[in-house]
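The values are calculated or read from the model by the stated rules, or taken from the named source; none is laboratory data. Quantities reported herein were computed from a predicted structural model and do not represent experimental measurements. With ideal geometry, Cβ positions are generated from the backbone for all residues, glycine too; neighbour counts draw on all protein chains shown.
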Amino acid sequence: MSSHLLSVDSLERENVDHLLRVAARMEPIAQRRRITRVLEGAVLGNLFFEASTRTRVSFNAAFCRLGGSVCDTTGFTFSSMAKGESLYDTSRVMSGYVDAIVMRHPEQGSVAEFAAATNVPVINGGDGPGEHPSQALLDLYTIDKEFARLGKKLAGAHILLTGDLKYGRTVHSLIKLLSLYDPLRITLVSPPGLEMPGYLIDLVASRGHQIEQRDTLSCDFSDLDVVYTTRIQKERFTTEMNESFSGVSQDFIVDRAFLDQHCSPTTIVMHPLPRDSRSGANDLNVDLNGDPRLAIFRQTDNGIPMRMAIFATLLKVEDLIEENMRPVRWFVPKQIGVLDR
Amino acid sequence: MSSHLLSVDSLERENVDHLLRVAARMEPIAQRRRITRVLEGAVLGNLFFEASTRTRVSFNAAFCRLGGSVCDTTGFTFSSMAKGESLYDTSRVMSGYVDAIVMRHPEQGSVAEFAAATNVPVINGGDGPGEHPSQALLDLYTIDKEFARLGKKLAGAHILLTGDLKYGRTVHSLIKLLSLYDPLRITLVSPPGLEMPGYLIDLVASRGHQIEQRDTLSCDFSDLDVVYTTRIQKERFTTEMNESFSGVSQDFIVDRAFLDQHCSPTTIVMHPLPRDSRSGANDLNVDLNGDPRLAIFRQTDNGIPMRMAIFATLLKVEDLIEENMRPVRWFVPKQIGVLDR
Amino acid sequence: MSSHLLSVDSLERENVDHLLRVAARMEPIAQRRRITRVLEGAVLGNLFFEASTRTRVSFNAAFCRLGGSVCDTTGFTFSSMAKGESLYDTSRVMSGYVDAIVMRHPEQGSVAEFAAATNVPVINGGDGPGEHPSQALLDLYTIDKEFARLGKKLAGAHILLTGDLKYGRTVHSLIKLLSLYDPLRITLVSPPGLEMPGYLIDLVASRGHQIEQRDTLSCDFSDLDVVYTTRIQKERFTTEMNESFSGVSQDFIVDRAFLDQHCSPTTIVMHPLPRDSRSGANDLNVDLNGDPRLAIFRQTDNGIPMRMAIFATLLKVEDLIEENMRPVRWFVPKQIGVLDR
């Protein structure tokens, strides 16, 4: 594995398997039964040039759970860069302060440019329409873990990806990771104009997977194992698309009725979050809250062990984790949410 | 005690007594003579949807003093919520990352809504005009500690509450806590239009306390033990109130002249801070700086042991504190301020 | 040494020597070969009323490397002060929460006013056009360390300071520190209107140093040991200066051609950063990237050991550092940047 995590493209099957195994070993810590201090003394630079509370806190907490300290930076007010400092200079300066860097930036390619100037491990926390590899890894980890719980195998599974498949970087990265595994059945459903890019469909097909495209959720789906929905981000639309889309948006909502009609008791429903819970939103419906098949909160929970695994692997401490574990002594609720997770 | 701290309404007398006792046991740490690492490995989500540096740093430092790590979030840019994420979803996601949550939010009730979705302990750090229970608890702790130093008893004490008693959530919560104790004499002084709500006066009276309302500080007060002043927040005024108030504002300033006339050497003067120190401000006057009766900085200092006590109680580590204490080895000034505290 | 670090003016030669020696002892930690936890349990208030990511992260990381925890505050939204709270009150309140305070503030003198209200150590992290003593100390530490590496002595060295010598607080503080040492040759080069203030030239000359002023870089310089360049901050210019300056700005750029013509293989090039890397910028040129004489990233790296030394000295733990050191177990790249540092 490279010294950075910039894109899922750089990951071989064995790298992904390694991360999945290390994440599983992080579970006692992520579930707050054990603590470790293996990164005691280490400092993370958590540089968010674009606000993303959820992702920032997840990386921050994961590094803290390993025993390290975190320096956070949020927002567009990165003062030096406003004065004309290059990403090269910023990268070199930050590398002298910290042991690892997570960076989110609105411009595609900027995180890679930043990483090119340093040997300190850099993790892409999202670069605009580009990549967000830790999200794809935690999604894959979620499928792996849920399948193990349900006694299912990934090989031959039927996975439905729906929503905005054109601009959703999450589904692009996830489908690349999935394509590294044994043959799957993948069904893509998106409104016209928001289809998955052709090069990705070709890539997946070339690796032996069965892939099918549809333009509506109102058809027969057999044996769905995973329903992965994404938010349709209207802010990315042209005026033209806004007009044509307004009539069809309700057709892409995954709700209880959809599950009743198309899914089995062992289907799991995922979403990269945030979802829009306002009335009239064209998103994963809140009427599924409390349904055990709704895996979205287990999915975000999995961000902690996966991000711990990424840090531990890049900083090469994954073999030291167990020797440093101690029991948690504070109160941990049996169920974290008031509903089943 | 419930698993959250959302309002003083949920506190029984025994819960309050417990918190006062635990806070007292935190003093060696808060005064920087001892350290503890009992919460090592634990992570606090310190979510301030409304800026409040003082309160945020106080909770942050209290959690650090217990050995834990803190993820801070400040400001109105909570990106997921701007995209329509519900408090329910935010709560569930954050609960998967952290072990306890402090939340400040401009809307009354929002912290309770957030807490309803999780079993991870949630502390209300202020929800607009609603509650701010940790402030009332540290205020009560201050009275308790000052009285012990002065050899006084709470029973029968005379407490003056003055300023904006209508909108000041601090005094609402404090008077509820005080009402749990042995009979007191409480005098309320506020400008017309800013009186304490009737239901609170009724509550306090129904519990056997002697309560009296006045509209000016220019009258006789006998034996004041506590003078608790609050800022009159002009930004809450209607135009009408602004006009009628401008003539009377000077009548509600607590200053050296007021203390000389109405108070004994053992009266203490409190204020939830911040106070307006600009010339012409209708607030606690700076001419009292250096007067040992001015307890306002001892009061904010007390925020650390009380917030430590709240964390330790909710996370159920209060019995582990002493076994983990070690001496501080760095320099701690004898007096922190340049004047007596 | 005083209990605060507000200005280099308060530093005697022996204080500076002490800080240089302690910084050198911090190198194993700063270079991530050892960790220490000597400040475990201590809390830093890192109060940036003016954004400065680089300086804020440097102080934060330095305190974390000593084992402490950090409460950060950034921006102009310091809510209490917006409501009229005095620096005096803010200082007293913060002092009750934390063990040391770093403060940056846009107004000259404000950090000193803040420090006057507390005995908790306060470090000036930059007060507008005033002071930034930790920068000057790390600059001096860099010269000291580079000279040791090159087998040079400070006595008799020739140091060129160029750029905006009028408004650049960095060079003001640095020249004061240098003046405490054995006689040097100092050459100042600045555009008309941006000359070093006369009182500083007089001070340096009165202490036995040879000091010379020029208005162009296009002349003969013999035996330069240090070239210290600063950004010409156009935002400080009057309209008049803008007009007269536009023609001459290119004359003050330090680039490869300048080094080829005027410098030896053992000259070092420094800059307080950030530098403006945009095309047409009148700053230290990017064509020097990769040249081993470019010391700017080694210089920012040195911010960590020097700031650790400042914290350790003010908190009086400098003698405990070695007894607490343990080896680092995570991956540390041999070279942090992709180019030589």
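A few comments on the model shown:
- Scanning region A:290-336 for residues that are out of contact with any helix residue (DSSP H, G or I) (no Cβ under 8 Å at 6 or more places or on another chain), farther than 23 Å from B:V93 by Cβ and not hydrophobic (A, V, I, L, M, F, W, C) yields A:K316, A:D319, A:E323, A:N324, A:R326, A:P327.
- Any chance B:N119 is surrounded by fewer than 24 Cβ atoms within 10 Å (Cβ to Cβ) and assigned by TED's automatic domain parsing to the domain that holds B:V317: yes
- Residue in region C:83-103 that is within 28 Å of B:H271 (Cα to Cα), surrounded by fewer than 19 Cβ atoms within 10 Å (Cβ to Cβ) and more than 10 Å from chain A (Cβ to nearest Cβ) present: yes
The rows are residues; the columns are (1) more than 10 Å from chain A (Cβ to nearest Cβ); (2) outside any loop (DSSP other than H, G, I, E, B); (3) free of Cβ contacts under 8 Å to residues at least 12 places away in the same chain.
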residue: C:S3; (1), (2), (3): yes, no, no
residue: C:V16; (1), (2), (3): yes, yes, no
residue: C:A24; (1), (2), (3): yes, yes, no
residue: C:I29; (1), (2), (3): no, yes, no
residue: C:E40; (1), (2), (3): no, no, no
residue: C:N46; (1), (2), (3): no, yes, no
residue: C:T55; (1), (2), (3): no, yes, no
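- You will find that of C:E50, C:E27, the residue that is of a type in the set (D, E), surrounded by fewer than 23 Cβ atoms within 10 Å (Cβ to Cβ), on the phi < 0 side of the Ramachandran plot and at pLDDT 95 or above is C:E27 and no other.
- The set of residues in region C:296-336 that are modelled with pLDDT of 95 or more and farther than 21 Å from A:D99 by Cα comprises C:I310, C:A312, C:T313, C:L314, C:L315, C:K316, C:V317, C:E318, C:D319, C:L320.
- Within region C:284-306, the set of residues being more than 28 Å from A:A312 (Cα to Cα), in contact (Cβ under 8 Å) with a residue 40 or more places away in the chain and either touching a His at 6+ places or on another chain (Cβ under 8 Å) or buried (at least 24 other Cβ atoms within 10 Å of the Cβ) (or both) comprises C:L284, C:A295, C:Q299, C:M306.
- If you check B:L294, B:L314, B:L273 for being under 28 Å from B:R65 (Cβ atoms), over 17 Å from the mean Cα position of the chain (by Cα) and aliphatic (A, V, I, L, M), only one passes: B:L314.
- Answer from B:G163, B:G193 - the residue that is more than 25 Å from B:A312 (Cα to Cα) and either crowded, with 24+ Cβ neighbours inside 10 Å or among the hydroxyl-bearing types (S, T, Y) (or both): B:G163
- Test: residue in region B:284-291 that is at pLDDT below 95 and either touching a Pro at 6+ places or on another chain (Cβ under 9 Å) or at the interface with another protein chain (Cβ under 9 Å from one of its Cβ atoms) (or both): yes
- When C:L19 is tested against the conditions (1) touching a strand residue (DSSP E or B) at 6+ places or on another chain (Cβ under 8 Å); (2) buried (at least 23 other Cβ atoms within 10 Å of the Cβ), the lone failure is (1).
- A:R256 meets the conditions (1) surrounded by fewer than 17 Cβ atoms within 10 Å (Cβ to Cβ); (2) over 22 Å from B:K83 (Cα atoms); (3) modelled with pLDDT under 90 in every case but one. The failed one is (3).
Each row is one residue, and each column tells you yes or no for (1) more than 18 Å from A:A112 (Cβ to Cβ); (2) under 18 Å from the mean Cα position of the chain (by Cα); (3) at pLDDT 95 or above.
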{"site": "A:L6", "(1), (2), (3)": "no, yes, yes"}
{"site": "A:V22", "(1), (2), (3)": "yes, yes, yes"}
{"site": "A:G45", "(1), (2), (3)": "no, no, yes"}
{"site": "A:V57", "(1), (2), (3)": "yes, yes, yes"}
{"site": "A:A62", "(1), (2), (3)": "yes, yes, yes"}
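- Yes/no for A:T229 being modelled with pLDDT of 85 or more, within 21 Å of A:K152 (Cβ to Cβ) and either within 14 Å of another protein chain (Cβ to nearest Cβ) or surrounded by 12 or more Cβ atoms within 10 Å (Cβ to Cβ) (or both): yes
- Residue in region B:159-169 that is within 16 Å of the chain's Cα centre (by Cα) and more than 14 Å from B:T229 (Cα to Cα) present: no
- Residue match in region B:206-214 (condition: part of a strand (DSSP E or B) and closer than 30 Å to B:E107 by Cα): yes
- Single residue of region C:307-328 satisfying the filter (assigned to a helix (DSSP H, G or I) and surrounded by fewer than 19 Cβ atoms within 10 Å (Cβ to Cβ)) that is nearest to the other protein chains (Cβ to nearest Cβ): C:L320
- Single condition A:F331 does not satisfy, out of (1) in a loop (DSSP other than H, G, I, E, B); (2) more than 7 Å from every other protein chain (Cβ to nearest Cβ): (2)
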